[in-house]
Structures are given as C-alpha cells and as structure tokens.
1. Output the number of the condition that Leu71 fails; it satisfies all remaining conditions of (1) in contact with a helix residue (DSSP H, G or I) (Cβ under 6 Å, 6 or more places away or on another chain); (2) assigned to a loop (DSSP other than H, G, I, E, B); (3) not acidic (Asp, Glu).
2. Identify, from the list Leu31, Leu47, the residue that is at pLDDT below 95, buried (at least 17 other Cβ atoms within 10 Å of the Cβ) and in a helix (DSSP H, G or I).
3. Could you check segment 1-10 and list, in sequence order, the residues that are crowded, with 18+ Cβ neighbours inside 10 Å and either polar (S, T, N, Q) or assigned to a loop (DSSP other than H, G, I, E, B) (or both)?
4. Scan segment 11-22 for residues that are open to solvent by 80 Å² or more (accessible area, probe 1.4 Å), over 15 Å from Lys108 (Cα atoms) and either among the acidic types (Asp, Glu) or touching a Leu at 6+ places or on another chain (Cβ under 7 Å) (or both) and jot them down.
5. I want to confirm something. Restricting to segment 99-112 and keeping residues that are touching a residue at least 24 places away in the same chain (Cβ under 8 Å) and over 15 Å from Arg19 (Cα atoms), which single residue is most open to solvent (accessible area, probe 1.4 Å)?
6. Taking interchain pairs and intrachain pairs at least six residues apart, which have beta carbon atoms under 7 angstrom, with the first residue in segment 57-75 and within 15 Å of Leu143 (Cβ to Cβ) and touching a residue at least 12 places away in the same chain (Cβ under 8 Å) and the second part of a helix (DSSP H, G or I) and among the small types (Gly, Ala, Ser)?
7. Out of (1) touching a helix residue (DSSP H, G or I) at 6+ places or on another chain (Cβ under 7 Å); (2) modelled with pLDDT of 95 or more; (3) surrounded by fewer than 13 Cβ atoms within 10 Å (Cβ to Cβ), what's the single condition that is false for Leu158?
8. Going residue by residue through segment 137-146, is there one that turns out to be without any contact (Cβ under 8 Å) to a residue 24 or more places away in the chain and in contact with a helix residue (DSSP H, G or I) (Cβ under 8 Å, 6 or more places away or on another chain)?
Amino acid sequence: MRFNLIDRIDAHQPGKFLRGCKFLTLGEEYLADHFPRFPVMPGVLMLHALVEAGAWLWRSGSGYQHTVIVLREAKNVKYGSFMQPGRKMDVAVDLVKQDGDSVSFKGKGTDDTGATTVSAAFTLHGYSLSDRGPAGVAADEVLRQQLKARWALLTGELRK
C-alpha cells in the first residue's frame, strides 16, 4: 500500500523549506486497526508525512530529476502528542544539506493546538529509473508527469 499523506502545501521555497498539512479523518483505512477504541495516527506515518514533505521540497528545487526518492536514514525521531481524527497536523521541513543524490532535512509536525506530534532529522536518497537501464526512460517520463500533476493539486496551482 502506498500512502500519500500530505493534503496541502501551504508555502515553499525550493532548496530551503516547505510547509504543508495533513488532515486526519476517521475514514483513514489504517485507523480501523490502530487502535479500534482509541484511533490515532501511527507514529511511523507521522514520520512518513515529514519524509513525504521533504521529497516534495527536493523535487520542487531539482526539476523532478529523481523520480524515485527513498528514506535512507532517520535520526533523533521524537514523538509528542497523539494525532486523533478530526485534527490537522502542520508539517514543516527544512533542507539542511545536499550531497549528490542524497539530501538531509530536519522536520517537525505539530497538531492544530501547536503541540509537537513528531520531529526528526532524516536523509533521503534519489534516483531515476533510467539510471537502471533504457527501459526506465519511458517510466521516468510517466512518473514525472504524475508527480507534476500531484504537485499542482497540492499547491493549488490548478486553481490559479
């Protein structure tokens, strides 16, 4: 299963920062199991929201050079308050360092009361499918178009 957790990108400066949010609804599939009588967003998915925001920040500044971005390392991950349905998690990521095909970020999630839900330092690694062979060239182009369309939805560019 693939999760797309960021619902909106509110502000960004390529190569610097991204601010977005995740609205948690009771309809989220995973809440049925985590936990049925006390539904809360799993910590790993809170971390995933930070990683996803970092990937969008990297893409926005690199012209979608890497079609595949994966988590390489997560450090100093700290969890705070629970994220319950009906709440909004504001996500903030800042680019710390870029080293070739890897980028380091620091990120923080806060709920709509301002309480910290998650914070972490993490490193992402990117590559393109065309790096793996000629068959990946067409797949990369399809992925780039899909990513650009999703970016337009998240940033509201389609409404402009």
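1. (2) is the only condition that Leu71 fails.
2. On the way: Leu47 fails: at pLDDT below 95.
The match here is Leu31.
3. Step one: of segment 1-10, the residues crowded, with 18+ Cβ neighbours inside 10 Å are 5-6, 9.
If the condition is that a residue be crowded, with 18+ Cβ neighbours inside 10 Å and either polar (S, T, N, Q) or assigned to a loop (DSSP other than H, G, I, E, B) (or both), then Leu5, Ile6 are the ones that fit.
4. none
5. At the first step, the residues of segment 99-112 found to be touching a residue at least 24 places away in the same chain (Cβ under 8 Å) are 101-103, 105, 107-109, 111-112.
From what's left, over 15 Å from Arg19 (Cα atoms): 101-103.
Numbers: Asp101: 71, Ser102: 23, Val103: 0 Å².
Per the stated criteria, the residue is Asp101.
6. Ile69/Ala55
7. (2)
8. Filtering segment 137-146 down to residues without any contact (Cβ under 8 Å) to a residue 24 or more places away in the chain leaves 137-138, 141-142, 145-146.
From what's left, in contact with a helix residue (DSSP H, G or I) (Cβ under 8 Å, 6 or more places away or on another chain): 137.
Yes: segment 137-146 contains one or more residues that are without any contact (Cβ under 8 Å) to a residue 24 or more places away in the chain and in contact with a helix residue (DSSP H, G or I) (Cβ under 8 Å, 6 or more places away or on another chain).
The values are calculated or read from the model by the stated rules, or taken from the named source; none is laboratory data. The structure presented is a predicted model; accordingly, all values stated were derived computationally and were not measured. So basically every Cβ, Gly included, is an ideal-geometry build from the backbone, and we count neighbours across all protein chains shown. Surface areas here come from the heavy atoms of the whole protein model, side chains and all, with no ligands, DNA or RNA. Shrake-Rupley method; radii C 1.70, N 1.55, O 1.52, S 1.80 Å.
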